[in-house]
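Take a look at this one; I'll ask things after.
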Amino acid sequence: MTASGWPFLIARGRRRGYTVLLAPGWLIAAQGHGVLEETVTPVAGQPWRVAVAGTTQGRRVGLAWAEHPVTGADVTGTPDSGGGAPVRDEHSRPLRLLYGFLCADAMIGDPSGDDLARSRDAALDTYRRFLTDEEHFTIEGSTPFDITSSLTRQPGHSGRAVGSATSAASPFASTPGSTWTSRWVLPAVGTLAVVLVGVGAIWIASSGDTPDPPCTPASTTAGPPAPAAPLGTTATQGTAGPSGTTALPGTTGPPATTGPSRTSAPAPSAPPGTAASAPAATTGAAGAAPPIQTAQENQAGLPPCP
Amino acid sequence: MPGIVATAVVVANLVVLLIVMRIRRRRRARFRAGENGDGLASAPLPTFRVVALGLQGSGKTLLLTSMYRRLQTPGDRGFHVRAPYEQLIELNRWYQEVADTTGDWPQGTSRGEMREFEFDVLTTLGDTTRPVLKLGYLEYPGELLTDQDAPGSTAQARLLTALTDADALIGIIDGLRLRQACHGEVRGRLILQAALDAMIHSMLSARCPIAFVITKWDLLDDLHPDENTRLAMVRTVLMGMDGFRDLVRVQGARRVMRLIPVTAVGHDFAVLDGGEVHKKPDGRFHPSNVDVPLSAVVPDILRQIELSLDRTAREAILAEAQRRLRMGPLEALHTLSTFAAQKAGKVLLAAAGGAIIADSALTLFMDAQATATDGGRRFAELDAADRQAEEFIQARRRVVQEFQHRVTLLEAALPSSRLGTGDLT
């Protein structure tokens, strides 16, 4: 049994900004290709990345993608003409393609080079048509092909779209990949904090006066104030791990982060069920990255697709 | 009988006094206790969110990169900024891409990369370094301002919400397009007009300070050798463009508006050749004015509050500031951040124009008012925890003054950087 992959392409042109140029026809028809824009980000030096996303219809899709710097030869379509010089936009920035393939109801483990190459060929065909008339170009539907990449079966419906994972009411939220944090961990931490504060308040109220520390002898000089008590011992209170952000109540909510989309694997401690509502992304090392598995799949113990 | 009554009154007064003292001591002890004994650790920090409005390729990401590079160390300032570690890695990567004269310019920001960079503003407090406030800076692809979102994407909606919630707006004007417009190139003028249209739509109804930043200022060096004259020439071009003049007329009378020229790479790093900007092989990376846009945010917000207050609101704020002086510094520090949510705070906010003053801004504004009215708090009389709090408050005031100092220096060097209704005559 073979599975199908649908090529996709996100790129900008010489004038137009990033947009989805190629996507599965059924995703376009379902008005759900925006999920590609929000999920597919630069691979940041890695050969490829994979992720799981949910469409607006609640369908889960596996994505694998890579980057391709656009050269003169890519634009002409003939390797012998145009050369390998980078093509730039009107702001002097090099153009690149974010291309890959999508599998419905499946998670891509290790994308094969052949599958990525076929997706790139399809993407380049589309991109050349885009460059000839950027302003009037409309998104194209891709043709599926049989993939050779390893897959893991997915539950058919997530019931939640990645596109809405980062709420419009939270414009400063981090990348979609971090949403499981705000959905589960933060409320749990918040609840725990409330309980602790309540217990603390009762304890303080019942403990009577806390004796004041001995007064420092009053200074009679008008010079700079005497050194305060050392602050460094508790300066890290409320800090959030290595990010160094201070997690103080009433400030800015969850610390901003570039999210797990930059990390090498989904959080192993993700609570059950979070995978269904949050995209997981991983960067790949050529031929070495293990197949991606979300926490939910690990628990469900689903076998890989044949 | 009168003796008994008098004694009862005295005893009653003593009991009330003891109860009040006990409550106050408990409150202060609670603040001092904080977490692990550091009352300051639990004090909320004022946070200001900045959104830079600029089309794709206008230089938003380069500005952010150079701005952080400049501000990440104290230099000759009394403060510096710090990003979360994962954001620091990204900023450093961008910097290396920009500064490497053998490499290309960084590739643009994709829609999936939209996120907020959150900087702690730190200053020295005793023998430690502590954050005194936070600045958020939204990074997003400029095409969100001009192109439709693909169905199913929420990026544009998030940007619009961010614009509504912003404490300050920065309009990014591409220096290359300005140069093209100055030289009569139609394409450059069209893009410049499109950029202004996109930002003016949001800025006309904005109730926060507005600064325009001219990026790629180094590409305009040949307009005139004198920088202020050059800036005045550019300002004249902008004031001649549809929308910009109206924006200055509408907003300039009631809020601070600036025109800040910056170069994120310096005046000897890049050249314009055949319509493309190339790095010089021996280019010298030396950004200029990149710290000003962020430095201006807090002083401009405070200045705007000043402008928006009528006499009644001003007197109410001064009275509240006086009342707060009777508290210990630690208690004042903790309660100040929640003041805006309390009834008295809401009354003040309403009197001062409602939503234009966010909680964070009110915190710093009250802070500044206390400076003006305390006449010198008797520091020696404070206990250790209150001294910490007092030092923290003083440190925060110094940071705000440093911000203001940076802005003052710019205005002294480039008087044309201040936009206002005077430009309309």
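Give me the residue from the stretch B:167-181 that is open to solvent by less than 10 Å² (accessible area, probe 1.4 Å) and not in a helix (DSSP H, G or I) and, out of that set, farthest from the other protein chains (Cβ to nearest Cβ).
Once the filter is applied, the top-ranked residue is B:Gly171.
Now for a separate question. List the residue pairs whose Cβ atoms are under 7 Å apart, where the first residue sits in the stretch B:395-409 and is part of a helix (DSSP H, G or I), the second is open to solvent by 50 Å² or more (accessible area, probe 1.4 Å), and the two are 6 or more positions apart or on different chains.
B:Arg397/B:Thr371
Here is a yes/no grid of residues against (1) under 28 Å from B:Leu55 (Cβ atoms); (2) at pLDDT 95 or above:
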site: A:Thr2; (1), (2): no, no
site: A:Trp6; (1), (2): no, yes
site: A:Ala11; (1), (2): yes, yes
site: A:Val50; (1), (2): no, yes
site: A:Gly54; (1), (2): no, no
site: A:Arg59; (1), (2): no, no
site: A:Trp65; (1), (2): yes, yes
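Something else: Among the candidates A:Phe130, A:Phe101, single out the residue that is aromatic (Phe, Trp, Tyr) and closer than 18 Å to B:Gln56 by Cβ. Give the derivation first.
Numbers: A:Phe101 fails: closer than 18 Å to B:Gln56 by Cβ.
Just one listed residue meets the conditions, A:Phe130.
Of the conditions (1) within 18 Å of the chain's Cα centre (by Cα); (2) under 30 Å from B:Leu190 (Cα atoms); (3) open to solvent by 10 Å² or more (accessible area, probe 1.4 Å), A:Tyr99 satisfies every one except a single condition; which number is it?
(2)
Here is a check on your reading of the model: is A:Gly58 in contact with a His (Cβ under 7 Å, 6 or more places away or on another chain), more than 11 Å from chain B (Cβ to nearest Cβ) and surrounded by fewer than 17 Cβ atoms within 10 Å (Cβ to Cβ)? It would help to see each step written out before you state the result.
Details: in contact with a His (Cβ under 7 Å, 6 or more places away or on another chain): yes; more than 11 Å from chain B (Cβ to nearest Cβ): yes; surrounded by fewer than 17 Cβ atoms within 10 Å (Cβ to Cβ): yes.
Against the criterion (in contact with a His (Cβ under 7 Å, 6 or more places away or on another chain), more than 11 Å from chain B (Cβ to nearest Cβ) and surrounded by fewer than 17 Cβ atoms within 10 Å (Cβ to Cβ)), A:Gly58 qualifies.
Among A:Gly13, A:Gly62, A:Gly34, A:Gly25, which is touching a Cys at 6+ places or on another chain (Cβ under 6 Å) and touching a residue at least 24 places away in the same chain (Cβ under 8 Å)? Please lay out each step first, then the result.
Details: A:Gly13 fails: touching a Cys at 6+ places or on another chain (Cβ under 6 Å); A:Gly34 fails: touching a Cys at 6+ places or on another chain (Cβ under 6 Å); A:Gly25 fails: touching a Cys at 6+ places or on another chain (Cβ under 6 Å).
After applying the criteria, what remains is A:Gly62.
If you take just the strands (runs of 3 or more DSSP E) that sit entirely in the stretch B:182-274, which of them hold at least 3 residues that are of a type in the set (Lys, Arg)?
Working: elements: B:210-215, B:257-261, B:268-273.
By residue number, no strands (runs of 3 or more DSSP E) qualify.
Looking at the stretch B:182-191, is at least one residue more than 8 Å from chain A (Cβ to nearest Cβ), over 29 Å from B:Gln72 (Cα atoms) and open to solvent by less than 10 Å² (accessible area, probe 1.4 Å)? Don't jump to the end; show me each part of the working.
Keep residues of the stretch B:182-191 that are more than 8 Å from chain A (Cβ to nearest Cβ), which gives B:182-191.
Now restrict to residues that are over 29 Å from B:Gln72 (Cα atoms): B:182-191.
Okay, now just the ones that are also open to solvent by less than 10 Å² (accessible area, probe 1.4 Å), so B:188.
Yes; the residues of the stretch B:182-191 include at least one that is more than 8 Å from chain A (Cβ to nearest Cβ), over 29 Å from B:Gln72 (Cα atoms) and open to solvent by less than 10 Å² (accessible area, probe 1.4 Å).
Is it fair to say A:His91 is assigned to a strand (DSSP E or B), of a type outside the set (Asp, Glu) and over 23 Å from A:Gly32 (Cα atoms)?
Numbers: assigned to a strand (DSSP E or B): no; of a type outside the set (Asp, Glu): yes; over 23 Å from A:Gly32 (Cα atoms): yes.
For A:His91, the condition - assigned to a strand (DSSP E or B), of a type outside the set (Asp, Glu) and over 23 Å from A:Gly32 (Cα atoms) - is not met.
To continue, here is another question. Give the stretch B:139-155 a look and list any residue that's out of contact with any His (no Cβ under 6 Å at 6 or more places or on another chain), within 7 Å of chain A (Cβ to nearest Cβ) and on the phi < 0 side of the Ramachandran plot, or say none.
Going through the stretch B:139-155, the residues out of contact with any His (no Cβ under 6 Å at 6 or more places or on another chain) turn out to be B:139-149, B:151-155.
Restricting the remaining residues to those that are within 7 Å of chain A (Cβ to nearest Cβ) gives B:141-143, B:147, B:149, B:151-155.
B:Pro141, B:Gly142, B:Glu143, B:Asp147, B:Asp149, B:Pro151, B:Ser153, B:Thr154, B:Ala155 - these are the residues of the stretch B:139-155 that are out of contact with any His (no Cβ under 6 Å at 6 or more places or on another chain), within 7 Å of chain A (Cβ to nearest Cβ) and on the phi < 0 side of the Ramachandran plot.
Same structure, new question: Do we have any residue at all in the stretch B:128-137 that's assigned to a helix (DSSP H, G or I) and of a type in the set (Phe, Trp, Tyr)? Before the answer, list the steps.
The initial filter retains those residues of the stretch B:128-137 that are assigned to a helix (DSSP H, G or I), namely none.
No - not one qualifying residue is present in the stretch B:128-137.
Of all the residues that make up the stretch B:57-88, how many are within 10 Å of chain A (Cβ to nearest Cβ), part of a loop (DSSP other than H, G, I, E, B) and open to solvent by 30 Å² or more (accessible area, probe 1.4 Å)?
Total meeting the criteria: 0.
Continuing with this model, one more query. Would you mention how many residues in the stretch A:5-14 are under 18 Å from A:Thr71 (Cα atoms) and either at the interface with chain B (Cβ under 9 Å from one of its Cβ atoms) or open to solvent by less than 20 Å² (accessible area, probe 1.4 Å) (or both)?
As a first pass, look at the stretch A:5-14 and keep what is under 18 Å from A:Thr71 (Cα atoms): A:9-14.
Narrowing the set further to residues that are either at the interface with chain B (Cβ under 9 Å from one of its Cβ atoms) or open to solvent by less than 20 Å² (accessible area, probe 1.4 Å) (or both) leaves A:9-13.
Total satisfying the criteria: 5.
Now a separate question. Give the residue that is modelled with the lowest pLDDT, with candidates limited to residues of the stretch B:244-274 that are open to solvent by 50 Å² or more (accessible area, probe 1.4 Å) and within 14 Å of chain A (Cβ to nearest Cβ).
Per the criteria, the residue is B:Gly274.
Okay, residues lined up against (1) more than 9 Å from every other protein chain (Cβ to nearest Cβ); (2) assigned to a strand (DSSP E or B):
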position	(1), (2)
A:Ile28	no, no
A:Gln31	no, no
A:Gly62	yes, yes
A:Thr78	yes, no
A:Gly83	yes, no
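Something else now. Going residue by residue through the stretch B:96-104, is there one that turns out to be buried (at least 21 other Cβ atoms within 10 Å of the Cβ), within 11 Å of another protein chain (Cβ to nearest Cβ) and not aromatic (Phe, Trp, Tyr)? Step through it out loud before you land on a result.
As a first pass, look at the stretch B:96-104 and keep what is buried (at least 21 other Cβ atoms within 10 Å of the Cβ): B:98.
Now narrow it down to the ones that are within 11 Å of another protein chain (Cβ to nearest Cβ): none.
Within the stretch B:96-104, not a single residue is buried (at least 21 other Cβ atoms within 10 Å of the Cβ), within 11 Å of another protein chain (Cβ to nearest Cβ) and not aromatic (Phe, Trp, Tyr).
Here is a list of conditions, (1) within 7 Å of chain B (Cβ to nearest Cβ); (2) surrounded by fewer than 24 Cβ atoms within 10 Å (Cβ to Cβ), and A:Val43 meets all of them except one; can you say which number that is?
Single failed check for A:Val43: (1).
Only residues that are touching a helix residue (DSSP H, G or I) at 6+ places or on another chain (Cβ under 8 Å) and open to solvent by 50 Å² or more (accessible area, probe 1.4 Å): list them for the stretch B:105-127, please.
Those that are touching a helix residue (DSSP H, G or I) at 6+ places or on another chain (Cβ under 8 Å) and open to solvent by 50 Å² or more (accessible area, probe 1.4 Å): B:Thr124, B:Gly126, B:Asp127.
Also: Any idea which of (1) at the interface with another protein chain (Cβ under 10 Å from one of its Cβ atoms); (2) among the acidic types (Asp, Glu); (3) open to solvent by 20 Å² or more (accessible area, probe 1.4 Å) is the one A:Asp105 doesn't satisfy?
Among (1) at the interface with another protein chain (Cβ under 10 Å from one of its Cβ atoms); (2) among the acidic types (Asp, Glu); (3) open to solvent by 20 Å² or more (accessible area, probe 1.4 Å), the lone unmet condition for A:Asp105 is (1).
The values are calculated or read from the model by the stated rules, or taken from the named source; none is laboratory data. Since we're looking at a predicted model, the values are computed, not measured. Reconstructed Cβ throughout: ideal geometry from the backbone, glycine too, with neighbour counts over all protein chains shown. The protein model used for the area step is the full one, side chains on, heavy atoms only, and it has no ligands, DNA or RNA in it. Shrake-Rupley method; radii C 1.70, N 1.55, O 1.52, S 1.80 Å.
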